[in-house]
1. Based on the Cβ-Cβ distance from A23 to R410, what FRET efficiency comes out when R0 is 35 Å, to the nearest 0.05?
2. Take peptides 255-265, 414-424 and line them up by average Cβ neighbours within 10 Å, highest first, as a rough protection proxy.
3. Whenever you get a sec, compute what percent of the accessible area on region 92-241 sits on carbon and sulfur atoms (1.4 Å probe).
4. Need the full-extension length gain, D93 to A402, defined as separation in residues times 0.36 nm minus the C-alpha distance. One decimal, nm.
5. Which ³J(HN,Hα) values, rounded to whole Hz and listed in residue order, are derived for region 252-268 from phi using the Karplus coefficients 6.51, -1.76 and 1.60 in 6.51 cos²θ - 1.76 cosθ + 1.60 with θ = phi - 60°, glycine and proline given as x?
6. Scan region 209-314 for trypsin sites (Lys or Arg not before Pro) in coil per DSSP, keeping those whose Cβ has at most 16 other Cβ atoms within 10 Å, and list them by number.
7. Between K418 and D59, what is the spin-label point distance in nm, taking each point 7 Å from the Cα along the Cα→C-beta axis?
8. At a 1.4 Å probe radius, carbon and sulfur cover how many percent of the accessible area of region 327-431?
Amino acid sequence: MSMTQTEIGDYIAASGHKAWEVAGLDPTTPLRDIKSVGIIGAGTMGGGIAMNFATAGIDVRIVETKQDALDRGLAVVRGNYQRSCDKGRFPQDEVEARMARFHGSLAVSELAECDLVIEAVFENMDLKKTIFTELGRVMKQGAILATNTSALDIDEIASHTGRPQDVIGLHFFSPANVMKLLEIVRAEHTADDVVATSMDLAKRINKIATLVGVCPGFVGNRILFARQIQAGKLVYQGVMPWDVDAALNSIGFKMGPFQMSDLAGLDIGWSKGATTDNPIRDALCELDRRGQKTKAGFYDYDENRRPVPSDVTAGIIRDITGAEPTTMDRQQIIDICIHPMINEAVKILEENKAQRPSDIDVVWLNGYGFPPDKGGPILYGDMVGAQAVLDTMERLGADDPAFAPADTLRKLAASGGKFTEIDTGGLITAKGT
């Protein structure tokens, strides 16, 4: 299906508007009053999340376990505001006004009177359950308990609070003070007024929100995982990381899978001596090639952080995979990386973890840099056609059952239907529609 840029632009605008609409939620649902917010964790995510609220005029109490970590986190926040001031975005007194809304603390119990608390510690389920058990005990009645987890089971987290109706996922994207997307994750027992308040709060802090359901990775990361897995499989076939990235760059992605990994840091989820299910990454990290921050990862980086294909990486890949370097047609690489994203999006809709197909495009346009002229994975699926996607997924599914074609994909290919018109019932949870 071919579309003009005007038609694509109209689709994107309409999708963004619809994403705010929560099916089955009474528009007169009373909102919970949010005048103060607690943040657990003053690291990159916690500090960035906190800035959104302070910028919007909301008082923030931010908690760390040690004073030096708290001081460091608040110094980073001040530095971010100061750089914006120095660029002329607001006057110096606004820096001081925003910083005056921050209150540091070393005890979760000091968040007790906050109207909303957001946990922003690292991705460890046991740690999060411990924190939410304490929140359930110390927070005032009616407070919203939110987690910034990017992939963990929020229903499991909520089950440790004694008040699962107050629990919701608020998945910010890094850097949280810059990125526009906010995935609002409705758990099985999340109350309607918690959903309504969270959607309203997203507007107050100038975010673009989508309401999604609980599943591994939610909408955005679940689809990202599918792409990353296939990119990794290509490397094991001898395709070099920079060739995979170049193929995706050629259709408008500013960053391909390995460029993105280097930017994020290869040591996420890794520690020295660890053996994970990604031995190439492990080997790079053992050589202190942990991404842009160490000026070496999959790529080598010059003083301007310009990525250069690395002979070291090529050698590691050859040693681990046993595959000789090979070339592959760019379009084939694109299909292998992007068609599984479309297939995974269809599975998300089949499992009722998104409200509507266009919400998935809103997520990927605003959180992951999907090329705007392609409209997002759902609209791009209509551009290439269901049959082309099915052909790719049948090949990939034969090699790995996790990538078997979705039933709805088969139906669309048989009927000539559109991904944008899929209707499997919307987002369904125990309390949702």
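The values are calculated or read from the model by the stated rules, or taken from the named source; none is laboratory data. What you see is a predicted model, and the numbers here were worked out from it, not measured in a lab. No Cβ is skipped: glycine too gets one built from the backbone with ideal geometry, and neighbour counts run over all protein chains shown. Just so you know, the surface numbers come from the protein's heavy atoms only, side chains and all, with ligands and any DNA or RNA stripped out. Shrake-Rupley method; radii C 1.70, N 1.55, O 1.52, S 1.80 Å.
1. Working: r = 26 Å, r/R0 = 0.75.
Efficiency, rounded to the nearest 0.05: 0.85.
2. Values: 255-265: 20.9, 414-424: 14.7.
Ranked by mean Cβ neighbours within 10 Å, highest first: 255-265, 414-424.
3. Values: 2750 of 5140 Å².
Of all accessible area on region 92-241, carbon and sulfur atoms account for 54 percent.
4. Numbers: separation 309, 0.36 × 309 = 111.24 nm, distance 5.46 nm.
So the extension gain works out to 105.8 nm.
5. Working through the residues one at a time gives x, 6, 5, 9, x, x, 7, 4, 5, 4, 5, 5, 5, x, 6, 8, 5 Hz.
6. Those satisfying the criteria are K254, K272, K295, R305.
7. Between K418 and D59, the simple spin-label model gives 5.1 nm.
8. Working: 1860 of 3990 Å².
Within region 327-431, the accessible surface is 47 percent carbon and sulfur.
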